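Let me begin by presenting the structure, written as structure tokens, before commenting on it.
The values are calculated or read from the model by the stated rules, or taken from the named source; none is laboratory data. Small disclaimer: the values here were computed from a predicted structure and weren't measured. Positions of Cβ are backbone-derived with ideal geometry, glycine not excepted, and every protein chain shown enters the neighbour counts. Calculation scope for accessible area: heavy atoms of the full protein, side chains included, ligands and nucleic acids excluded. Shrake-Rupley method; radii C 1.70, N 1.55, O 1.52, S 1.80 Å.
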Amino acid sequence: MILGLCGSPRAKTTEYALREALRMLEERGFETVYWGVRGKRIGFCTHCDHCLKGEGCIQRDDVQDLYPLLEEAEGLVIATPVYNGAVSAQVKAVMDRTRALLAKDPAALRGKTGMAIAVGGDRSGGQELAIQQIITYYTLNGVLTVSGGAFGANIGAAFWSKDTLEGVMEDDEGLRSLRKTVRRFAEHVEERRKLREDG
Ligand SMILES: Cc1cc2nc3c(=O)[nH]c(=O)nc-3n(C[C@H](O)[C@H](O)[C@H](O)COP(=O)(O)O)c2cc1C
């Protein structure tokens with residue numbers, strides 16, 4: 001299963017880009033699950049260290065539903081709107097809250113495939129830094145990151161929305177970066193699956 005995590009509080013441009021990615025993956029035969037922060041109760045990590053006892057997070061909010069999905073997924077697609085040149089606060093909160101999952105099992109995310117999508121209102125609004133933050137999170141936790149490669153998707157999928165749904169839908173370069181990244185992501189998940197099957 002591929003887990004798509006949407007970090008926007010709105011059902012707009014980031015959700016559109018992520019759903020496009022999941023649709024492309026479904027076309028390739030993958031099962032996908034969408035989990036978005038919109039309307040969810042998501043507390044900040046308070047560094048209470050309860051999770052270090054290995055009993056999960058003490059906060060009984062909507063992030064509890066995400067933990068099993070993260071564990072089950074073969075691949076992660078994290079999509080964020082660009083806020084102040086970075087990931088949204090919601091994405092950051094979710095990343096921080098996965099400390100509870102990783103405290104229980106440091107290998108919980110290890111070896112999964114990861115890709116990132118960033119949607120900014122401006123052409124150079126910080127998409128690359130937002131993607132880089134997601135890549136850093138992946139690196140920290142043993143997720144193997146793929147991009148779409150040179151000539152259009154160097155570190156992942158980046159969109160210029162002009163703050164509108166039409167903007168993101170008409171962003172041909174953004175869609176190209178998404179297609180390229182999804183292709184490599186799909187190939188990587190399949191390669192990893194084959195390696196597991198071959199023992
Ligand atoms: C608090 C806030 C900060 C933002 N900061 C940036 C920014 O630094 N760079 C940028 O390109 N767009 C910025 N935007 C615009 C959004 O990234 C853009 O409208 C995006 O398409 C919104 O995604 P959504 O439609 O999924 O909510 C910001 C929007 C908000 C609400």
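Here are some notes:
- Residue separation of MET169 and ASP49 scaled by 0.36 nm, minus their Cα-Cα distance, works out to 38.9 nm of gained length.
- Share of alpha-carbon pairs per 10 Å distance bin for the range 57-126, given as whole %: 18, 45, 28, 8, 0
- Of the trypsin sites (Lys or Arg not before Pro) found in the range 78-138, those that fall in a DSSP loop while having at most 16 other beta-carbon atoms within 10 Å are ARG110, ARG123.
- Candidate residues PHE151, PHE44: accessible-area rank, largest first, probe 1.4 Å: PHE151, PHE44
- For the chain, the membrane-span-like helix rule (DSSP H, alpha carbon extent of at least 18 Å along the helix axis, mean Kyte-Doolittle at least -0.5) picks out 127-140; this says nothing about an actual membrane.
- DSSP bridge analysis restricted to the chain gives an antiparallel fraction near 10%, rounded to the nearest 5.
- Taking the C-alpha atoms of the chain, convex hull volume expressed per residue in Å³: 108 Å³
- Residue-count net charge about VAL87 - beta-carbon cut-off 13 Å; Lys, Arg +1, Asp, Glu -1: -1
- Furthest towards positive pole of dipole, ALA100, ILE134, GLY156, structure part the range 96-199, Cβ charges: ALA100
- For the chain, calculated [θ]222 nm from helices alone, where every DSSP H run of n ≥ 4 adds -39500 (n - 2.57): -13500 deg cm²/dmol
- Pair SER124, ALA86: separation of 7 Å Cα→Cβ label points (nm): 2.1 nm
- Shown for the chain: lysine pairs separated by 8 or more places, or found on different chains, whose C-alpha atoms are under 30 Å apart, numbering 23.
- 19 Å reach of a label modelled at ALA11, 7 Å along Cα-to-Cβ, counting backbone N of the range 71-102: 79-81
- Seen from every direction in turn and averaged, the convex hull around the alpha carbons of the range 47-97 projects onto 4.5 nm².
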